[in-house]
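K.L.:
The structure follows.
The values are calculated or read from the model by the stated rules, or taken from the named source; none is laboratory data. A quick note: this is a predicted structure, and the numbers were derived from the prediction, not measured. Cβ placement follows ideal geometry from the backbone for every residue including glycine, while neighbour counts extend to all protein chains displayed.
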Amino acid sequence: MSSVAARPSPAATLDSARSARPLPSTPLAVLGHDVQVPLANGDKVTYAALDYAASAPALQRVWDEVAAYAPYYGSVHRGAGYLSQLSTDLFEQSRRTVAEFLDLREDDQVVFTRATTDSLNLLAGAVPAGTRVFAFETEHHASLLPWAHAGLSVTYLRAPRSHAEAVAAFDAALAEAPEGPKLLCVTGASNVTGELWPVAELTRTAHRHGARVVLDAAQLAPHHRVSVRELGVDWIAFSGHKLYAPFGAGVLAGRADWLDAAEPYLAGGGATRTVAREADGSVAVQWNTGPARHEAGSPNVIGVYAIAAACRALGEAGFDALEARERALIARLDAGLAEIPEVRVLNLFGADAARVGVLSFVVRGWNSSHFSAALSAEYGIGVRDGLFCAHPLVRTLLGDEEAAPSECGAPEPSLPGERSLNAIRVSFGAGTPDEHVDRFLAAVRELVTDGAAWTYRNEGGRCVVDTRREG
């Protein structure tokens, strides 16, 4: 009688593939750390990526794990073949990994989306009719705009200047609100100032009034440990591309009741339990409950697996160590900018407020687009300028600041009659070398003292270096 070797399970196959590709010595090494970029003068320099708040670079660990899986890629939930089984196991294990990373409650569910914006739009379509939504004007557009777009009533709260003021304003607004379901959408860390928000206090206030809370953790999750159990929030949303997993996936996690009672986010395969043709020619559909209800279509397995790989890497590195190093970089940045009188750092809660590695500022006498272009063209430093998809907040923080002229012309105002007034944002995280922060500070000092070495022109509303002539 012939013996048949046991076929390895999909999970064992993937574990073997991972072990065949040694992981980097440090779990938080990032791709692109040695990329050389050209300067206006023709030289090349190692790129200093200081725009993590927009999209963080991929962890080398994430890239290697995705590469190990790629040959085994198959359809999810739909195939009897071995690679489909493997991919399905990986997809569902990734869901469990995310749940552990977020410290979800037992009955919470994880829905995979495209990004934070997609997650919050999904939830906006799932809240019960008549829900009153509350949001501070300080929110990113992803958490400020979906609610009214979905036809919900929204109360926009003014920008607070302290944690206590934020909690008191929300408490008062809830006390005056009409009966019915209520929802607060709040950021964990500002994408403009990096400041941490009093999420646990706001959640306790919400629950005391019978309201629920969704946490926009897009900027918080890459920098701080997040426990849904401890914070008490009802839902949480974040993006893979800010969590060192830039493969186009995101997460909405939390309570199942509103999601299971809502119409599916998308109508299509995977969201359906049964579809039948009726005698009158119509089609009768029974929709799934659980995450599948809102995950119609072939899922982004690569993106989901990348998020899980990033969650594992961050967890293994330990947030205590990550936060301690980031605090040291923040202190280094704060001290350096404080020595430059022309620089004004933007904040809501004061210079000493706790924050993640995100900071926005303006430079007296400089248009922000011009200054950012000079950092790139003359120093190889990548930052961001503009209103950072948080227009009400940035305009509040800038106040009566006068827009500085620029030799290349300021970008066009977004609305008639508005001033062309923007800010500069520098952001960093795991994988940012101390040297990049030091280079940035040295470049700011030199530009403020000596001015730009090159002239710049307006191209499509942005400043770009004019390499045809030197200043």
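K.L.:
Taking only the range 312-339 into account, find how many residues are closer than 20 Å to ARG61 by Cα and touching a strand residue (DSSP E or B) at 6+ places or on another chain (Cβ under 6 Å).
P.N.:
Number satisfying all stated conditions: 1.
K.L.:
Give me the pairs, please: first residue somewhere in the range 436-453 and more than 13 Å from SER372 (Cα to Cα), second residue anywhere and among the acidic types (Asp, Glu) and modelled with pLDDT of 95 or more, beta-carbon distance under 7 Å, and either six or more positions apart or on two chains.
P.N.:
Pairs found: ALA453/GLU378.
K.L.:
Same structure again: When the residues of the range 146-180 are filtered to those that are part of a loop (DSSP other than H, G, I, E, B) and in contact with a helix residue (DSSP H, G or I) (Cβ under 6 Å, 6 or more places away or on another chain), which remaining residue is farthest from THR396 (Cα to Cα)?
P.N.:
ALA150
K.L.:
Let me ask something else. Restricting the range 271-294 to residues that are over 15 Å from GLN109 (Cβ atoms) and of a type in the set (Gly, Ala, Ser), which is modelled with the lowest pLDDT?
P.N.:
GLY281
K.L.:
Based on this model, can you work out whether ASP320 counts as exposed (fewer than 14 other Cβ atoms within 10 Å of the Cβ), under 23 Å from the mean Cα position of the chain (by Cα) and not hydrophobic (A, V, I, L, M, F, W, C)?
P.N.:
Yes.
K.L.:
Do any residues in the range 197-213 that are at pLDDT 95 or above have Cβ atoms under 8 Å from those of residues that are basic (Lys, Arg), where the two are at least six apart or on different chains, and which pairs are they?
P.N.:
From residues that are at pLDDT 95 or above, the pairs are ALA206/LYS182; ALA206/ARG212; HIS209/LYS182; GLY210/LYS182; ALA211/LYS182; ARG212/LYS182; ARG212/ARG255.
K.L.:
Tell me, yes or no, whether the range 241-259 has at least one residue that is without any contact (Cβ under 8 Å) to a residue 40 or more places away in the chain and over 23 Å from ALA177 (Cβ atoms).
P.N.:
No, the conditions are met nowhere in the range 241-259.
K.L.:
Okay, moving on. Look at ALA276 and say whether it is crowded, with 16+ Cβ neighbours inside 10 Å and of a type outside the set (Asp, Glu).
P.N.:
No.
K.L.:
Looking only at the range 395-405, decide whether some residue is in contact with a helix residue (DSSP H, G or I) (Cβ under 8 Å, 6 or more places away or on another chain) and either modelled with pLDDT of 95 or more or within 22 Å of GLU195 (Cα to Cα) (or both).
P.N.:
Checked the range 395-405: no residue is in contact with a helix residue (DSSP H, G or I) (Cβ under 8 Å, 6 or more places away or on another chain) and either modelled with pLDDT of 95 or more or within 22 Å of GLU195 (Cα to Cα) (or both).
K.L.:
Something else about it: Can you tell me which residue is modelled with the lowest pLDDT among those in the range 237-258 that are hydrophobic (A, V, I, L, M, F, W, C) and out of contact with any strand residue (DSSP E or B) (no Cβ under 7 Å at 6 or more places or on another chain)? Talk me through it step by step, then tell me what you get.
P.N.:
Taking the range 237-258 as the starting set, the residues that turn out to be hydrophobic (A, V, I, L, M, F, W, C) are 237-238, 243, 245, 247, 249, 251-253, 256, 258.
Narrowing further to those that are out of contact with any strand residue (DSSP E or B) (no Cβ under 7 Å at 6 or more places or on another chain): 243, 245, 247, 258.
Working: LEU243: 98, ALA245: 97, PHE247: 94, TRP258: 98.
Checking each candidate, the answer is PHE247.
K.L.:
May I pose another question? Quick one: which of LEU346, LEU337, LEU375 is modelled with pLDDT of 95 or more, farther than 24 Å from TYR47 by Cα and among the hydrophobic types (A, V, I, L, M, F, W, C)? Spell out how you get there, then give the answer.
P.N.:
Working: LEU337 fails: farther than 24 Å from TYR47 by Cα; LEU375 fails: farther than 24 Å from TYR47 by Cα.
After ruling out the rest, the residue left standing is LEU346.
K.L.:
Would you point out the residue of the range 142-154, among those that are of a type outside the set (A, V, I, L, M) and buried (at least 17 other Cβ atoms within 10 Å of the Cβ), that is farthest from the chain's Cα centre (by Cα)?
P.N.:
This residue is TRP147.
K.L.:
Is it the case, given these coordinates, that PHE91 is of a type in the set (Phe, Trp, Tyr), surrounded by fewer than 22 Cβ atoms within 10 Å (Cβ to Cβ) and under 22 Å from the mean Cα position of the chain (by Cα)? Walk me through it before giving the result.
P.N.:
Values: of a type in the set (Phe, Trp, Tyr): yes; surrounded by fewer than 22 Cβ atoms within 10 Å (Cβ to Cβ): yes; under 22 Å from the mean Cα position of the chain (by Cα): yes.
It is true that PHE91 is of a type in the set (Phe, Trp, Tyr), surrounded by fewer than 22 Cβ atoms within 10 Å (Cβ to Cβ) and under 22 Å from the mean Cα position of the chain (by Cα).
K.L.:
Next question, about the same structure. Does the range 165-181 contain any residue that is surrounded by 15 or more Cβ atoms within 10 Å (Cβ to Cβ), under 23 Å from the mean Cα position of the chain (by Cα) and β-branched (Val, Ile, Thr)?
P.N.:
Within the range 165-181, none of the residues are surrounded by 15 or more Cβ atoms within 10 Å (Cβ to Cβ), under 23 Å from the mean Cα position of the chain (by Cα) and β-branched (Val, Ile, Thr).
K.L.:
I need the full set of residues from the range 98-133 which are closer than 30 Å to ALA317 by Cβ and part of a loop (DSSP other than H, G, I, E, B), in order please.
P.N.:
ASP103, LEU104, ARG105, GLU106, ASP107, ASP108, ARG114, ALA115
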